[in-house]
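One structure is given here, and the rest of the page talks about it.
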Amino acid sequence: MKKVRTRFAPSPTGFMHVGNLRTAIFEYLIAKHDSGDFILRIEDTDQTRKVDGAIDFIYNTLNLCNIHIDEGPNNKGEFGPYIQSERVHLYKEYAHKLVEMGKAYYCFCTEERLEKLRKEADENNVAFLYDGHCKNLTKEEIEEKIKNGEKYVIRQKMPKEGISSYEDLVYGEIKVENKLLEDQILLKSDGYPTYNFANVIDDHLMNITHVIRGNEYVMSTPKYNLLYDAFGWEKPTYIHVSMVLGSDGQKLSKRNGDASFMDLYNDGYLPEAVINYLVMLGWSPETNDEIFTMNELIKIFDPKRISKSPSVFDIKKLNWVNAHYIKKLESDKLLEITLPHLKEAYDLSNKTDEWISELVNLYKDHISYGKEIVEVTDLFFKENIELDSECTEFMSAEGIDNTISVFASEIENITDWTVENINTAIMNTKEKAGVKGKMLFMPIRIKVSGQMHGPELPNTIHLLGKETVLNRLK
Ligand code: GLU
């Protein structure tokens, strides 16, 4: 059997939204499941979209996600170059080969002529398809035109009758009527290939066995297959994947939050959690388990279980998965994803390292992503806390003032400020004020933190410090 080889083929835009990343993960898992190769190919034939540093950005992103590239622009490999703009000579060579084989032809039609045809099609309410005007030019006519410096493109000769079909691993049999296929442009007049041509040439020359890509290419694939047939090449297995939509049901875009991987990462989401979440978005394992390591995914990933329907990027679900991973973090890693956010939001100059570490560890089970530490800990950084109506109502209950004043004097008496002594102060209050359970803890919690819920109360009080606690109690 041939070695499995998949490729991730992004355009160098300097940006990766979660839909692209999910495609990369699927490609990686399919390759690694069969001990195959994962290749990075940069599709930069549209030079207008190119951004400086974009290739490093892609490497960086995949690295963070623990996705290892076997061959690519920054790796050694037998099938390079791995950047399309460095392969232009190859596309030219193969396009001209097709012309010689009679499977493609020079087209000298001017933009005005094509515009006129488009307009006519528009008026007649039919889809525009190039009319094959240049298909039957003689050799002499072609030579003459080239000699005169006329610009040309190379177009693929499509069959005009019959049906083309192929089997997609996810979508099943896909059929199109050949008469709907345009004699598509393979090589543009500037000598650059179209995506439609370059992807086929590259996938063949790079020995790609499985092409995994967005389902916007489902209906174009018969055209690609006709190219494989024209050259007499073996076709890859096709796996088209549905789109990842924003919460508004629309294609991910700036408007619906975009969900760029780097934004998530910078907000303190863990790459392994994002990967875990994305794989489960539009793919399901045979069991009901939802948490998997990369190695487990490699072992169990079966592309036949990729879903046909679009999936919605659900930040709440991602938060749930991410929280799961945060709970398992070592202290230093937890600090790494939270500290930058605390520093940015608050003045930590008078806080010790121990205090900060105690703080983030106290909230370990209470945050879903690193940056969330800022909102849950604001009670430690503000002068005055304000009670919402629910808290105010609770505090108006009978006997509460007494509980608070008993507790305040217990706190005042503490000389050694430890969690243990604070705990004892709470227990003493229980005895002396004659209250227990909710009527003991809730008033204290509300008074010192301004909240009805939160992490361990004695630890919270410890972190607040004696002076702040006394001020808030009074
Ligand atoms: N450059 C194409 C894209 O980003 C890749 C499609 C493919 O994988 O063939 O959509």
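Filter the stretch 173-222 for residues that are among the aliphatic types (A, V, I, L, M) and within 10 Å of the ligand (Cβ to nearest atom) and give the result. Explain how you work it out, then say what you get.
In the first step, residues of the stretch 173-222 are kept if they are among the aliphatic types (A, V, I, L, M); the result is 174, 176, 180-181, 185-187, 198, 200-201, 205-206, 208, 211-212, 218-219.
Matches in the stretch 173-222: ALA198, VAL200, ILE208, VAL211, ILE212.
Of (1) among the β-branched types (Val, Ile, Thr); (2) within 14 Å of the ligand (Cβ to nearest atom); (3) open to solvent by 10 Å² or more (accessible area, probe 1.4 Å), ILE239 satisfies all except one. Which?
Condition not satisfied by ILE239: (3).
Using the structure shown, decide if LEU348 is more than 20 Å from SER449 (Cα to Cα) and free of Cβ contacts under 8 Å to residues at least 40 places away in the same chain.
It is false that LEU348 is more than 20 Å from SER449 (Cα to Cα) and free of Cβ contacts under 8 Å to residues at least 40 places away in the same chain.
Can you pull out the residues in the stretch 20-37 that are more than 10 Å from the ligand (Cβ to nearest atom) and in contact with a Gly (Cβ under 9 Å, 6 or more places away or on another chain)?
ARG22, PHE26, ILE30, ASP37
Starting from residues that are aliphatic (A, V, I, L, M) and in a loop (DSSP other than H, G, I, E, B), keep the ones in the stretch 408-436 and report whichever is surrounded by the most Cβ atoms within 10 Å (Cβ to Cβ).
Among residues in the stretch 408-436 that are aliphatic (A, V, I, L, M) and in a loop (DSSP other than H, G, I, E, B), the one surrounded by the most Cβ atoms within 10 Å (Cβ to Cβ) is VAL435.
Residue check: is GLU393 part of a loop (DSSP other than H, G, I, E, B) and among the acidic types (Asp, Glu)?
For GLU393, the condition - part of a loop (DSSP other than H, G, I, E, B) and among the acidic types (Asp, Glu) - is not met.
Would you be able to say whether some residue in the stretch 41-61 is at pLDDT below 95, assigned to a loop (DSSP other than H, G, I, E, B), closer than 22 Å to TYR269 by Cα and open to solvent by less than 40 Å² (accessible area, probe 1.4 Å)?
Checked the stretch 41-61: no residue is at pLDDT below 95, assigned to a loop (DSSP other than H, G, I, E, B), closer than 22 Å to TYR269 by Cα and open to solvent by less than 40 Å² (accessible area, probe 1.4 Å).
All but one of (1) in contact with a helix residue (DSSP H, G or I) (Cβ under 7 Å, 6 or more places away or on another chain); (2) modelled with pLDDT under 95; (3) open to solvent by 20 Å² or more (accessible area, probe 1.4 Å) hold for ASP37, so report the exception by its number.
Among (1) in contact with a helix residue (DSSP H, G or I) (Cβ under 7 Å, 6 or more places away or on another chain); (2) modelled with pLDDT under 95; (3) open to solvent by 20 Å² or more (accessible area, probe 1.4 Å), ASP37 violates only (2).
Under 6 Å between Cβ atoms, at least 6 apart or on separate chains: pull out the pairs that start in the stretch 462-474 with a residue that is farther than 13 Å from GLU383 by Cβ and end on any residue that is basic (Lys, Arg) and open to solvent by 50 Å² or more (accessible area, probe 1.4 Å).
Cβ pairs passing all conditions: LEU473/LYS447.
Could you identify the single residue in GLU216, GLU144, GLU167, GLU140 that is assigned to a helix (DSSP H, G or I) and within 20 Å of ILE306 (Cβ to Cβ)?
GLU216
For the subset of the stretch 106-150 comprising residues that are within 25 Å of ALA230 (Cα to Cα) and either of a type in the set (D, E, K, R) or touching a residue at least 60 places away in the same chain (Cβ under 8 Å) (or both), which member is least open to solvent (accessible area, probe 1.4 Å)?
Checking each candidate, the answer is CYS107.
All but one of (1) open to solvent by 10 Å² or more (accessible area, probe 1.4 Å); (2) at pLDDT 95 or above; (3) out of contact with any helix residue (DSSP H, G or I) (no Cβ under 9 Å at 6 or more places or on another chain); (4) not aromatic (Phe, Trp, Tyr) hold for MET206; which doesn't?
MET206 satisfies every listed condition except (1).
Quick check on my filter: what residues within the stretch 342-356 are within 16 Å of GLU372 (Cα to Cα) and assigned to a loop (DSSP other than H, G, I, E, B)? Break it down stepwise before answering.
Going residue by residue through the stretch 342-356, those that are within 16 Å of GLU372 (Cα to Cα) are 342-346, 356.
Within the stretch 342-356, TYR346 is the sole residue that qualifies.
Can you work out which of the residues in the stretch 320-341 that are among the charged types (D, E, K, R) and in a helix (DSSP H, G or I) is least open to solvent (accessible area, probe 1.4 Å)?
Of everything passing the filter in the stretch 320-341, LYS333 is least open to solvent (accessible area, probe 1.4 Å).
Going residue by residue through the stretch 187-203, is there one that turns out to be open to solvent by 50 Å² or more (accessible area, probe 1.4 Å), within 18 Å of VAL4 (Cα to Cα) and in contact with a Phe, Trp or Tyr (Cβ under 9 Å, 6 or more places away or on another chain)?
no
If you go through the stretch 176-191 one residue at a time, how many are over 12 Å from TYR106 (Cβ atoms), in contact (Cβ under 8 Å) with a residue 24 or more places away in the chain and not in a helix (DSSP H, G or I)?
Adding up the residues that qualify gives 6.
The values are calculated or read from the model by the stated rules, or taken from the named source; none is laboratory data. On a predicted model such as this, the values are computed, not experimentally measured, just so you know. Ideal geometry is used to build each Cβ from the backbone, glycine not excepted, and the neighbour counts take in all protein chains shown. SASA here: full protein model, heavy atoms, side chains in, ligands and nucleic acids out. Shrake-Rupley method; radii C 1.70, N 1.55, O 1.52, S 1.80 Å.
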